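J.: I have a structure here, written as structure tokens, and I will follow up with some questions on it.
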Amino acid sequence: MFRSWRFALALLLTVAAHPVMAASPPADHPFAKHFLALQLSEKDPARQSLVLSVANNMLKQYGPDSIAIEVVTFGPGIRLLYADSPLRKRVESLVEQGVRFDVCENTLDSVQRKTGKTPALDPHTIKVPAGVARLMELSDQGYTLVRP
Amino acid sequence: MFRSWRFALALLLTVAAHPVMAASPPADHPFAKHFLALQLSEKDPARQSLVLSVANNMLKQYGPDSIAIEVVTFGPGIRLLYADSPLRKRVESLVEQGVRFDVCENTLDSVQRKTGKTPALDPHTIKVPAGVARLMELSDQGYTLVRP
Amino acid sequence: MFRSWRFALALLLTVAAHPVMAASPPADHPFAKHFLALQLSEKDPARQSLVLSVANNMLKQYGPDSIAIEVVTFGPGIRLLYADSPLRKRVESLVEQGVRFDVCENTLDSVQRKTGKTPALDPHTIKVPAGVARLMELSDQGYTLVRP
């Protein structure tokens, strides 16, 4: 039995180490029980507004301490985080309630190449190397990915 | 060894209790082996029709007993479930085959505020407090989330 | 204790057997540690181009050996894989780097019924019975599903 026990323990540790299991709360949300990654990759203002409404509704439903929300923008979706975005006040209100907003550096590089300048961003924006890579990381950490 | 055994058991129970594990069939689909949540948050009629086609194709491929399908509508997507929707007959045919259709109450409240009236809905519609919260619950229960 | 041990082992094996655990690398990517399924169900050329950019960026970020990428097309998204697609060269460059491209046979049947002919496809395309069923399989195998 000892051998099977060791085998079982090894198996157990493998299972426990699997990324899908992780779902440990991020440092800024130590009491979070719900984990939501919202993808934004469209420039349509109504779609951008919907993403913000969803974040706001989830904060209300679960309470800001119980849910960790990260909005990941890439492609045309990064416009939400431009310094001159018409939605900037709503973004900042959500930042104050603990929502994180990411911008994809691959997209920024591409805009830089096409236009010759880097867009000014809301200073609360977090730069990530690639938006989709960030979504994969968050999924591995137990976040549910939703693209409103 | 006993202490490590207890530790392992605790770990095991933690792992086993993780929501990703759940995937127990819902009461209305006791034999389901496949679990699909279809998100609809657009008003485009072609997109709405595609969601219904996907549900229909999945019922054909797996058989209505083997798959549990829930269509979750929010934002402009709730129009699919208006009583006067041009797609109502297709919705009801899917309801008869066990597909569940949810409407987001946050969206209904928002429509009520803007228009002064609550839209009449297909009577088979299930109201959920928030569409995205429902998607998170379904994901925790082992459903795959797809937004066609 | 023996009975609880057997119970625990049974539980362990159940947990270990759960599809979410699978994530074993596919035969064509034996060293992959990252698994990405990209959904394409729109005909918008900018959206199709974004899917290819995402695949390319992920290959650069992780390296072609470390990531398995599968692009699953259905509905209007299958046009990406038509033989006369303006994006064909970019598709083939990604195929050479190990990206798989699937087309949904349900959609092909539907196009055949409406137009009377089956569209000519890029010869590297892999036919799957249903795009969404393929996404469910990939999710069960540990792939992260993203719809750029």
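J.: Rounded to the nearest percent, how much of the accessible area of the stretch C:37-148 (1.4 Å probe, protein heavy atoms only) is carbon and sulfur? Don't jump to the answer; show the numbers that get you there.
T.: Numbers: 2280 of 4700 Å².
Exposed carbon and sulfur together represent 49 percent of the surface.
J.: Would you kindly state how much longer the chain becomes between residue A:117 and residue A:93 on full extension, computed as 0.36 nm times their sequence separation minus their alpha carbon distance, in nm to one decimal? Please report the intermediate quantities before stating the final value.
T.: Working: separation 24, 0.36 × 24 = 8.64 nm, distance 2.79 nm.
Taking residue A:117 through residue A:93 to full extension adds about 5.8 nm, to one decimal.
J.: Report the FRET efficiency, 1/(1 + (r/R0)^6), for residue A:82 and residue C:49, where r is their Cβ-Cβ distance and R0 is 22 Å, rounded to 0.05.
T.: On the way: r = 21 Å, r/R0 = 0.97.
E(calc), rounded to 0.05, equals 0.55.
J.: Here's a follow-up. Probe of 1.4 angstrom, ligands and nucleic acids ignored: what's the accessible area per residue over the stretch C:97-140, in square angstrom? Walk me through the numbers before you get to the answer.
T.: Values: 2100 Å² over 44 residues.
Accessible surface, normalised per residue, equals 48 Å².
J.: Quick check on the stretch C:51-148: take the gyration tensor over C-alpha atoms, sort the square-rooted eigenvalues as a ≥ b ≥ c, and tell me if it's rounded (a/c under 1.5), prolate or oblate.
T.: Numbers: a/c = 2.48, a/b = 1.44, b/c = 1.72.
Oblate, because a/c is 1.5 or more while a/b does not exceed b/c.
J.: Treating the beta-carbon of each Lys and Arg as +1 and of each Asp and Glu as -1, no other charges, what is the dipole magnitude of the stretch C:24-91 about its Cα centre, to the nearest 20 debye?
T.: Values: 8 positive and 6 negative charges, 41 e Å.
Dipole magnitude for the stretch C:24-91 comes out near 200 debye.
J.: Could you calculate the FRET efficiency of residue A:33 with residue A:126 from 1/(1 + (r/R0)^6), where r is the beta carbon distance between them and R0 is 22 Å, rounded to 0.05?
T.: Details: r = 23 Å, r/R0 = 1.03.
Efficiency at R0 = 22 Å is approximately 0.45.
J.: Can you list the residues of the stretch A:106-141 that have at least 30 square angstrom less accessible area with all protein chains present than in their chain by itself, probe 1.4 Å?
T.: Residues of the stretch A:106-141 that lose at least 30 Å² of accessible area once the other chains are added: A:106, A:132, A:133, A:136.
J.: Quick one: check the C-alpha center-to-center distance for the stretch A:90-104 versus the stretch C:73-148, whole angstrom.
T.: 36 Å
J.: What does the charge count around residue C:78 come to, taking other residues whose C-beta lies under 11 Å from its C-beta (Lys +1, Arg +1, Asp -1, Glu -1)?
T.: Its environment carries a net charge of -1.
J.: In Å², nearest 100, what accessible area do chains B and C bury in total when the solvent probe is 1.4 Å? Walk me through the numbers on the way to the answer.
T.: Details: alone 8910 and 8900 Å², together 15820 Å².
When B and C are taken together, about 2000 Å² of accessible area is lost.
J.: Then there's this: For residue A:71, what residues show an amide H to amide H distance below 5 Å, using hydrogens built from the backbone and excluding near sequence neighbours?
T.: Residues meeting the amide H criterion: A:38, A:100, A:101, A:102.
J.: Apply the Karplus curve 6.51 cos²θ - 1.76 cosθ + 1.60, θ = phi - 60°, to the phi angles in the stretch C:30-46 and return the couplings in whole Hz, x for Gly and Pro.
T.: x, 9, 5, 10, 10, 9, 10, 9, 9, 8, 10, 9, 10, 9, 3, x, 5
The values are calculated or read from the model by the stated rules, or taken from the named source; none is laboratory data. Since the structure is predicted, the reported quantities are computational estimates derived from the model, not experimental observations. Because the Cβ atoms are built from the backbone with ideal geometry, glycine has one as well, and the counts that use them run over all protein chains shown. Accessible surface areas use protein heavy atoms only, side chains included; no ligands, DNA or RNA. Shrake-Rupley method; radii C 1.70, N 1.55, O 1.52, S 1.80 Å.
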